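Just so it is clear, none of the values below were taken in a lab; they were calculated from the coordinates. All values reported here derive from a predicted model rather than from experimental measurement. Note: ideal-geometry Cβ built from the backbone for every residue, glycine included; neighbour counts use all protein chains shown.
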Amino acid sequence: MAQKSGLGRGLGALLPGEEVALAEKGVMMVPVDVVLPNPRQPRNSMDAGELKELTDSVREHGVLQPLIVTPGDASGRYVLIAGERRLQAARLAGLGTVPVIVREATDQQRLELAIIENVQRSDLSALEEAEAYRQLAEDFDLSHEEIASKVGRSRVAVTNTLRLLRLPDSVKNALIERRIAEGHARALLALPTPEAQTAALRTVIAQELNVRQTEELVRKLSGEKPARKPKPDAPPEVAALEERLRASLGTKVNLRAGRKGGMITIHYYSEEELEALLGRLLTD
């Protein structure tokens, strides 16, 4: 079986051969102050509690996993590719030096690898991930399929995540401030105008609606007939399967189990999403 090539393999794609073993031979210690932040870093914020825990660990044990850097414009300077939290923790812990592995990388690769690291660690918010994909699409002229291949996501997931950038600032801010979840935001996208989305947002927050209730609100506002009977919450095992399918396909999925077999319903919200879903389901 042929190996998957490109950056979609993760940070290991930067390191030759047996990544971990050979990386140890290329580790060098450099002053913390000569490592510059990645200008393409997609993450805008860090969880204060998690950063404090990491700082405490670094203060006691040091930085155990080397940072990945590339030579900077000035001699003796380096630009961070991966390891922003470790670098911040090292600074907060008062370390003078940090271990690094130096690799050549283009501006595009810096962004791709920063996305990969953060996605693998689940460090990016939905909007941060969407903004990073936008940069790859607009700044480097990559298609959604190419982005998906590079960052290890499905094309549908990339397309749906990018759609979050179409939301009005009111909804984006509510998502950033965690007053609503990503599921709420995706449901509000089905409304036709920013004004309708903002009005629905106020109802969601005021009534503390969950995602399913928000979807029902959107259906009512869109003129769809409400379901005859409210659906009971899915059993935990069914909900877990629905979530796995949603993560894989990048869209809402309902699973209904019967006595013999069952039914899977896959939702899409545009012709582009339908085309992407068909392409994924019919070729995998």
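Please compute the Kirkwood hydrodynamic radius of region 236-283 from all pairs of different C-alpha atoms, in Å with one decimal. Hydrodynamic radius (Kirkwood, Cα only) of region 236-283 equals 11.6 Å. Ranked by the mean number of other Cβ atoms within 10 Å of their residues, highest first, the peptides 259-268, 95-104, 154-163 come out as 154-163, 95-104, 259-268.
Other residues whose C-beta falls under 14 angstrom from the C-beta of L175 contribute a net charge of 0, scoring Lys and Arg +1 and Asp and Glu -1. Sequence-ordered 3J(HN,Hα) estimates for region 170-187 from the Karplus curve with 6.51, -1.76 and 1.60 and θ = phi - 60° stand at 4, 6, 4, 5, 4, 5, 4, 7, 6, 7, 9, 9, 4, x, 4, 4, 5, 5 Hz, glycine and proline given as x. Dimensions of region 132-200 along the principal axes, based on C-alpha atoms and rounded to the nearest Å, stand at 36, 19, 19, largest first.
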